[in-house]
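Right, one structure below, let's go through it.
The numbers here are math on the coordinates, done by the rules we state, and not lab data. None of these values were measured; they are calculated from a predicted model. Virtual Cβ from ideal backbone geometry, glycine too; neighbours counted across all protein chains shown.
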Amino acid sequence: MKARRGREPRVANSRSYAVTDVAQARTITVGWLEGIGLAETVSLGLPEVDDRYHVWRVPLLENGEKTRIGELVVDARTSLINRQESTDPKVLEARMLGKLQPEVHDRTTPRHQTVLSWVRNTIIHDDCEKALPDFPAQSMGLVFTSPPYFNARPEYEDYLNYEEYLLKLRRVIHQCHRVLDEGRFFVINVSPVLVRRASRNEASRRIAVPFDLHRILSEEGFDFIDDIIWVKPEGAGWATGRGRRFAADRNPLQYKPVPVTEYVLAYRKRTEKLIDWNIRNHPDQEAVAESKIPDDYERTNIWKITPAHNELHPAVFPLELAQRVVRYYSFVGDIVLDPFAGIGTTGAAATSLRRKFVLIENEAPYVNEICRAAVNWLGKDADEVLCVNCTPPDTSGVLPFKSK
């Protein structure tokens, strides 16, 4: 559908796009061109909204000419640039110099060869949406995280509405897709949340967050692989208060089961290659051999794990859960990213299984706890952790771990 000059395209408004008109699409494109130093040499054609794929397509022209040399693709829902679908800046420069004709992809030739990432153990105190763009593309071997609840507890009253919450998660997922290596896994621990009623005249709401995140993950380039059900011991869900009314009155229509499960959803970054390709093409085959799973693995998608509790953080997941995910979905030596790191349980699991970690957390008390705990995970080697916007771990008085 073509956008009309001077008028907002109706489809953009009806679908609540973040980018609703031609002017906004132009502004984003100009900012991108300025960032790559081509604002003076590249001009813009008329942006069009492609509502089939929820993107804006902005033609890029050689300045002063009508020759089309490329295209910028902007996600209409998030305002983020789809770099995978947009023309590479180096290609733009080459075309302006007349050195390159429009590229033709040979789909029989592998476009990517797995390489070992140089990223080291890292702790970052920042909003993950701001921190992730600093990491190189395809540098992570696994993403495992549990996003903050949507306003389900007083600690999480951070979002004006549920749509804003989902938009935030979409932007983070978009960045995770960029930094995750081809064909590797994004695993997320998530559950429906109960938004308590403000008064007795209102009903509480239970929001099916996992199903909305499934749609977002699929749209952002991930293929669904597995739904794992984390089952907690009997009685673990009574703290929510759900089910007490029915237990007292036993009236039909009031039935609400006590939630004792959460989802662990596994997705794979979309690729035409089979999982065997990731195994065969791993540059360290010794690490692949060392990563073999022992016989006592969990054979079903029902995982019975006791919840964890921490006085500092209201919603930690247990170390055993993180260790299972890291063991089943990564190799020894891989980098495991947690963009919502909390108190760093993913880092503890990664270290215990000889993986590296990148932990991003926006709350200072949690970051301080991660830095303190890193000494327990790594001993004197915690000196080697890259710390951004936070105080490095204090390893004074810590003896190096004895090699086994």
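Once the convex hull of the alpha carbons of segment 341-404 is built, what does its volume come to per residue, in cubic angstrom? Before the final figure, lay out the partial values.
On the way: hull volume 4.8 nm³, N = 64.
Considering the Cα atoms of segment 341-404, their hull volume per residue is 76 Å³.
In this label model, ARG354 and TYR255 are separated by 5.1 nm, measuring between points 7 Å along each Cα→Cβ vector. Counting charges near ARG299 (Lys, Arg +1; Asp, Glu -1) among other residues having Cβ under 15 Å from its Cβ returns a value of -1. A simple count of charges around CYS387, restricted to other residues whose Cβ falls under 13 Å of its Cβ and scoring Lys, Arg +1 and Asp, Glu -1, yields -3.
Put in line by how crowded their Cβ is, counting other Cβ atoms within 10 Å and starting with the fewest, ILE305, ILE69 read ILE305, ILE69.
Working from Cα pairs under 8 Å separated by at least six residues, relative contact order for segment 10-96 is 25 percent. A Förster radius of 30 Å combined with the Cβ-Cβ distance from ALA39 to VAL388 puts the calculated FRET efficiency at roughly 0.50. Once the Cβ-Cβ distance of PHE246 and GLU163 is raised to the sixth power relative to R0 = 41 Å, the FRET efficiency obtained is 0.85. Any of LYS304/LYS380; LYS66/LYS90; LYS130/LYS232; LYS168/LYS232; LYS232/LYS273; LYS256/LYS304 with alpha carbons more than 26 Å apart? Name them for me. As for pairs spanning more than 26 Å Cα to Cα, those are LYS304/LYS380; LYS130/LYS232; LYS168/LYS232; LYS232/LYS273. In whole percents, the pair-distance distribution calculated for segment 10-96 from its alpha-carbon pairs, binned every 10 Å from zero, is 18, 53, 24, 4. Between beta-carbons, use under 11 Å as the cut-off and find the net charge around VAL179, counting Lys and Arg +1, Asp and Glu -1. Value of the local net charge: +1. Here the residues VAL398, VAL385, ranked from fewest to most Cβ neighbours within 10 Å of their Cβ, fall in the order VAL398, VAL385. For segment 291-379, the list of GluC sites (Glu not before Pro) that fall in a loop by DSSP and count at most 11 other C-beta atoms within 10 angstrom reads GLU311.
Exposure proxy for TRP56, TRP230, TRP118, TRP303: other Cβ atoms within 10 Å of each Cβ, ordered fewest to most, give TRP118, TRP303, TRP230, TRP56. The simple Förster model, with R0 at 56 Å and r as the Cβ-Cβ distance, assigns LYS304 and GLU65 a FRET efficiency of 0.30.
Put simply, when 346-358, 83-95, 276-288 are sorted by average Cβ atoms within 10 angstrom per residue, most first, you get 346-358, 83-95, 276-288.
The stretch between GLU234 and GLN84, if pulled fully straight at 0.36 nm per residue, gains 49.4 nm over its current Cα-Cα span.
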